[in-house]
Every structure is written in structure tokens, then in C-alpha cells.
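Since every read-out is calculated from the coordinates, none of them should be taken as a lab result. Owing to the predicted nature of the structure, the values given are computational and were not obtained by experimental measurement. Positions of Cβ are backbone-derived with ideal geometry, glycine not excepted, and every protein chain shown enters the neighbour counts.
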Amino acid sequence: MKVKSNINKDRNHVYPPGPREIFPYSLAFKFISNPLPILKEIFESYGDISHFKFGPKLHVYLINDPYLIENILVKHNQYFVKSPGLKLAKRVIGNGLITNEGESHSKQRRRVQQAFTKDKITIYGNIITEHCIEYTDTNWRDGTIVDIHKEMTKLTLSIISKLLFGNNAITLNEIDKISDQITLIIEYINKLRLPFLRFIERLPIPLTLEYKDALKQLDNIIYSKIDLQRQKSPVKENKKIGRSKANDTQLSEHNNFQKYQNELDILSVLIDSTDKRMTDHNEQLLSDKDEEQTKEISKMTDKQIRDEVMTIFLAGHETTANALTWTLYLLSCHPKIESKILAEIDAIPKEKEDDKNNRKIITVKDLSRLKFTEKVLMESMRLYPPSWAIGRQTIQNYNLNEKYSVPSGSVIIMSQYLMHHDVRYFSDPEKFDPERWSLKFRASMPRFSYFPFGGGPRSCIGEPLAWIEGIIVLANIINNWKITLEEKDIANIKLHPLVTLRPKNGIKMKILKRFND
């Protein structure tokens, strides 16, 4: 969507207070280099609504009021499109749900939603448990020192690969290379956010060539998976579960998910999905009238499937890997909190068939008993939100409040990191305190004082799955492994806010078994 700008047409326009650039793009360069200190300084100096410029033309508003954020993301979302930064992401993920806009986004969301129904997510949860145990048993050795961020990245990459591609999942031997390719792509796109660096795309320099090669290899992998799925026989396709309400109802009634795990994958659902309007249960049409209104029931092309698979593949592992990394880091610094998780797990009744090593295995059915573990993950994502900021661009003039309006073409930044550390909503905000997340506290807080997955009609479609994955993986790792921070590396732990909030230099930790083989 082409956004027309009304900026500078009205010289009497009233802008909120904010910093001024001494030289063109000087503030933008500082922001790209290390955005969180810049945003924090602007907020502390100028308050909940501030204004500044990136270069001579781009006007930016920083909003730190949860009620205004709710207006922008939910109540008045029709006045906005995604930020220019996400338009750069289109070079990688194409026109997937994260970057798509308007009616096209609505149709595409209906298609993709069919892969994330409640019953399917339950099945995915069982796959997550199985793959987490398999990965750690195969790749972790007692007493070794690892970069826990790399390990969580490889683990979540292998999990999302299994969920996406089923029996055609990417092998563990390929995960290392793919992880490095993804990091290269993200860092390259981050550099392109500065307009005066975009010329490097046209130069055959090593950085650009490596980026293009990494993206080509990812594309080749995804298209090959699509081709493999397309080649499956109609008979086998008809055996896929998750195609109708009857199948999912039968699955629930018999509580027999295990035998279907090797048959269900997200890619097969996407290939068969349509743009039909779904019920709240996401399993059938709302009414015959709605079916008539959707005159053309269409499926996705290979390009559309590629874009959605790339979106799920990248977004579906990155945020969870970072959340788990920071949580394990925090727990290593707070052994008493770790002990409470272990006590919660110990209280779960053990089934005889849990594991050949006589270990307790945490599955989807245990989630209701892991309330403290959930609080730990919530608090970790408060301190270190994987998505540290959300951007929107106005498509027409927008009134923030009675005092300020935002001209069309302006960018609005809303930072989860700033909101999650705001003393007005979180007492002692720098303290790691999972106990703060009582039901009373949750009910009292403004909706957008805590929003790790965004909100509104553009909220993360995989949020329920992300919570399930985070809790299951965290509980199984903590139950089976003691993970301790290497004290000599504490000084090297720094924030690295790219698309998500990574640790800049990784985090070195020692892994120790809690059980004997």
C-alpha cells in the first residue's frame, strides 16, 4: 500500500516534544545501532507522547500510554499499516501474515487459522514434548558448556520444522547451517533500515552475496517441501486429520492424539486450506449465507504457501528461542524460583509409561498444573520481551488525543520493553518476580501495559502455540537438566535488539543431568 504523506504541508502543525537531529540521520543511526537506550532516554525526557525525525522527511512518534496503544492496535487499527521496517521484511518472508494488509490479509488469515485450531494445537503440543526430549537426549552431554541461545534456537528450529513438515522435517544435521543463515539474513535486513546503506543491495560485495545465497537456500528447502507434499496421493491426503469438524470431534472424544502425530503437519493443512469464513471453533462455515457471500472459495498458490511457511518458520522459532534463553538465564540467577518449578513438577502424578529412564515427561495434559511455570515465563517475557517494539504507519491523519494529531505517513513506535519496565504498572520493575502475576494483578493492569505478542486483529496467530511450546519445553528441560551460568561470562551478556531481543554474545551455560541413565 502506497502511503501518502501530509507531513510539512501544515507549518502550524503542533508536534509533541522530543529530541532534534543535529545532523541528518544521526538519530536514526544511533537508533539502528542500539535502539533501546535511545527509546528509554526519549521516554524519560519527554514523557508518554514524543516526536522526533529520522532524516529530513520521516516523522516518528513514540507512544508509551497503554490506552493510546490500545486505540492504535485495536480500536482504530484501520487508520494504520505496518511500519516501513516490516516492509523490508517482505524481501525475506514475502506477503505473509506479518506483512500482508487489508482484505488480502483477512482472507489469508482465515486460511492460515485452519492450521491453528484448538485440537490441532493440542496435537502439536504432544509433538513438541516428544521432540524436546529427543533433541536433548541426543545432543546434550552431562557437564558440557554450551551457548544456551544457540541451543534454544536449534531446538525451536527443529520443533517448528517438525510441526511444519512432519516426516519431511529438516534434519538436525542441517539445523546448524540454517540457524546461521537466518542470523545472517536478519542482520542484513537490519542494516537496510538505514536509507543510506540500501545501496549495498546493488553491489556484489560478500555481505550481499551471502545474504542472497542464504535466502535462496531457504527458498529451495521450503519449495522442495511443498513439492513433496503436493506429490502425495489423494488417498493419503484424505487420511489427513484436521480436515473437518467430525474428524477433530472424534479425535477429542477418544483422546487418542498419539497415533496421529506422524500424520498431521502445518504444511498439509495450509495446502488444503481455503478462505472460507470460520466459526469461533474454526472448523466450519458460520452459515450458508456467509458461504454465499464468499463466492470464490480459493486455495493458496505455491508462492502464497511459501510466504506463510517462511513466516511461520522464522517467527515460529525466533521469539520462543529468545524467551526460553532469557528464562533459563534468569532461573540460573534465581535458584529459589527454579526450585519452585521443580516442586510444581514433582506434584504432577507420574504415569508408568512416561519414559524408559523412569523420568517424568511433561505433556499438554499437564499444562493446567504448571501455573507457576507459566508465571515464570510471563515474568521473563516482561523483563526481556522477544518482540521489543511494534511499529505502525498512518495512512491518513490520526488524532492521538485532544492535543496532538499524527499526519498521514508518520510512523508510530510502541515499545513492549519500555511498557514492561514502567514503574507505574510494575512495582520494582527490574526485579524478577513471577509471583506478581496473581489473578488480581492481571485483572487490575491496563491491557497494553503487557503485550509480548502484540494485540488487535494483527496479533500473532501462533500465540496459543507459543505459550504451550514455551511451558512444555521449559518444564521438561528444568526437570531433566540443571543449567548454570558461567560466571566469567556474565559481563558479556548484553541485549541485541534486532527483529527480536537476542543476547548479543550468546550466553554460556553448563548443563548437568538431574537423572542417571
Can you compute the charge dipole magnitude of region 44-87 about its Cα centre, using +1 on each Lys and Arg Cβ and -1 on each Asp and Glu Cβ, nothing else charged? Give it in debye, rounded to the nearest 20.
380
Which log10 I(q)/I(0) values does region 372-517 give at q = 0.11, 0.12, 0.19, 0.22 Å⁻¹ under the Debye formula, counting every alpha carbon as one identical point scatterer?
-0.56, -0.66, -1.38, -1.55
For region 303-424, how many pairs of lysine residues have a Cα-Cα distance under 16 Å, where the two are 8 or more positions apart or belong to different chains?
7
Which ³J(HN,Hα) values, rounded to whole Hz and listed in residue order, are derived for region 31-48 from phi using the Karplus coefficients 6.51, -1.76 and 1.60 in 6.51 cos²θ - 1.76 cosθ + 1.60 with θ = phi - 60°, glycine and proline given as x?
5, 5, 5, 7, x, 5, x, 5, 5, 4, 5, 5, 4, 5, 8, 10, x, 5
Efficiency of FRET between residue 299 and residue 487 - r from beta-carbon atoms, R0 45 angstrom, step 0.05
0.25
Stretched out fully, how many nm does the piece from residue 227 to residue 428 gain, at 0.36 nm a residue minus the Cα gap?
67.1 nm
Where labels lie 7 Å past Cα in the beta-carbon direction, separation of residue 336 and residue 495 in nm:
2.6
1/(1 + (r/R0)^6) with r = Cβ-Cβ of residue 13 and residue 137, R0 = 60 Å, i.e. FRET efficiency to nearest 0.05, evaluates to 0.45
Give me 329, 15 ranked fewest to most by other Cβ atoms within 10 Å of their Cβ, as a rough exposure proxy.
15, 329
Only counting other Cβ atoms within 10 Å, I'd like 359, 424 sorted with the fewest neighbours first.
424, 359
I need the GluC sites (Glu not before Pro) found in region 375-436, filtered to DSSP loop residues with at most 15 other beta carbons within 10 Å of theirs.
402, 430
At most 11 other Cβ within 10 Å, DSSP loop - trypsin sites (Lys or Arg not before Pro), region 431-517:
431, 494
484, 311, 138, 500 arranged by Cβ crowding within 10 Å, fewest neighbours leading:
138, 484, 500, 311
Under the 7 Å Cα-to-Cβ spin-label approximation, residue 343 and residue 78 lie apart by a distance in nanometres of 5.2
